[in-house]
1. Rounded to the nearest 0.05, what FRET efficiency do residue 32 and residue 82 give with R0 = 22 Å and r taken as the Cβ-Cβ distance? Could you check?
2. Name the most mobile residue of 21, 58, 71, meaning the one with the largest mean-square fluctuation, in a Gaussian network model of the chain with Cα contacts below 10 Å.
3. Can you put 11, 46 in order, fewest other beta carbons within 10 Å first?
4. Cα extents of the chain along the three principal axes, largest first, in whole Å?
């Protein structure tokens, strides 16, 4: 459940949209967050996707790709290469 202490309907709507998108298509949310400069949150999302047994091969591959991209944005190139290597092996 989302708990916000604001009367700003735009903020409430943004939080609700992110919560829904995380359930419906977490990869798209992770890509949005990474492109918006929140790579740490993006990594958290794709990391959970990789560990989710309900994710099929295509979505796990997308998650590893997004994880590598987010790590590159943080300058963590060695870790990014590891994720891209896991992507290649899937």
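1. Values: r = 24 Å, r/R0 = 1.08.
Efficiency computed from Cβ-Cβ geometry: 0.40.
2. 58
3. On the way: 11 12, 46 29.
By the 10 Å Cβ count, ascending, the order reads 11, 46.
4. The Cα atoms of the chain stretch 47, 30, 15 Å along the principal axes, largest first.
Each value in this text was obtained by applying a stated rule to the coordinates, not by laboratory testing. Source: prediction; values computed, not measured. Neighbour counts run over all protein chains shown; Cβ positions are idealised from the backbone, glycine included.
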